[in-house]
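Engineer: First, the structure itself, so that you have it in front of you.
The values are calculated or read from the model by the stated rules, or taken from the named source; none is laboratory data. All values reported here derive from a predicted model rather than from experimental measurement. When we count neighbours, we look across all protein chains shown, and the Cβ atoms used for this are built from the backbone with ideal geometry, even at glycine.
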Amino acid sequence: MASPDAYFQTLMNDMKVFNNKNAEYLEGTGTQRRWMIPTQFTTFKVFDIQNLSTPFDRTQLNADYKAEYEGTGDDEIRSVAGYSTQIAYLAMMERAFRERYKSLPRIGAHTMGRVEAHGEDDGVHEGSILPWVQELFTA
């Protein structure tokens, strides 16, 4: 039986620790409020755009999901749901992280591209979310 990805579990724990420290700051019992920077970054550079996705790598989860989808894995719906949830959550975390650290010109360029892509026939709504929900019902 499949189980949550080890790195995903580590990242979830890191988020818990980070949020507890920020809660202490807000309560007046902690030190300085921190930005969430995944512990996988040993040296973090805001403008190292190519490596911003490193802590949110979904390569193995995508391979595991594909194996389930093609019938070469556990062949259980809970595995498909578990992998797809982890993939979606890591993607959301990466988007939030990138939003936090991008410059004004990148914000404009990203917004234009995103708005246009959302209107495409194979965009996020009809090309990604809808097929995913349909797949859940047929799995």
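Engineer: Return the pair list, or none, for Cβ contacts closer than 6 Å from residues in the range 6-21 that are closer than 18 Å to residue 96 by Cα to residues that are assigned to a helix (DSSP H, G or I) and of a type outside the set (A, V, I, L, M), at least 6 apart or on different chains.
Structural biologist: Taking only residues 6 or more apart or on different chains, the pairs are 8/86.
Engineer: Tell me whether the range 86-97 contains one or more residues that are at pLDDT below 85, among the β-branched types (Val, Ile, Thr) and out of contact with any Pro (no Cβ under 8 Å at 6 or more places or on another chain).
Structural biologist: no
Engineer: Given the criteria of a type in the set (S, T, N, Q) and over 20 Å from residue 91 (Cα atoms), does residue 31 qualify?
Structural biologist: Numbers: of a type in the set (S, T, N, Q): yes; over 20 Å from residue 91 (Cα atoms): yes.
Yes.
Engineer: Tell me the helices (runs of 4 or more DSSP H) entirely within the range 75-139 that contain at least 2 residues that are closer than 30 Å to residue 3 by Cα and within 19 Å of the chain's Cα centre (by Cα). Full working, then the answer.
Structural biologist: Details: elements: 77-101, 104-118, 130-138.
Qualifying helices (runs of 4 or more DSSP H): 77-101, 130-138.
Engineer: From 18, 41, grab the single residue that is out of contact with any His (no Cβ under 8 Å at 6 or more places or on another chain), assigned to a loop (DSSP other than H, G, I, E, B) and either farther than 23 Å from residue 135 by Cβ or at pLDDT 80 or above (or both). Working first, answer last.
Structural biologist: Working: 18 fails: assigned to a loop (DSSP other than H, G, I, E, B).
Of the residues listed, the single one that is out of contact with any His (no Cβ under 8 Å at 6 or more places or on another chain), assigned to a loop (DSSP other than H, G, I, E, B) and either farther than 23 Å from residue 135 by Cβ or at pLDDT 80 or above (or both) is 41.
Engineer: Could you please let me know if residue 83 is aromatic (Phe, Trp, Tyr) and closer than 21 Å to residue 128 by Cα?
Structural biologist: Details: aromatic (Phe, Trp, Tyr): yes; closer than 21 Å to residue 128 by Cα: yes.
Judged against the criteria, residue 83 is a match.
Engineer: For residue 133, indicate whether it is of a type in the set (Val, Ile, Thr), touching a Phe, Trp or Tyr at 6+ places or on another chain (Cβ under 8 Å) and either over 20 Å from residue 11 (Cα atoms) or surrounded by 12 or more Cβ atoms within 10 Å (Cβ to Cβ) (or both).
Structural biologist: Numbers: of a type in the set (Val, Ile, Thr): yes; touching a Phe, Trp or Tyr at 6+ places or on another chain (Cβ under 8 Å): no; either over 20 Å from residue 11 (Cα atoms) or surrounded by 12 or more Cβ atoms within 10 Å (Cβ to Cβ) (or both): yes.
No: the conditions fail for residue 133.
Engineer: Moving to a separate point now. Tell me, which residue of the range 82-101 that is over 12 Å from residue 58 (Cα atoms) and touching a residue at least 12 places away in the same chain (Cβ under 8 Å) is surrounded by the fewest Cβ atoms within 10 Å (Cβ to Cβ)?
Structural biologist: Among those that are over 12 Å from residue 58 (Cα atoms) and touching a residue at least 12 places away in the same chain (Cβ under 8 Å), it is 100.
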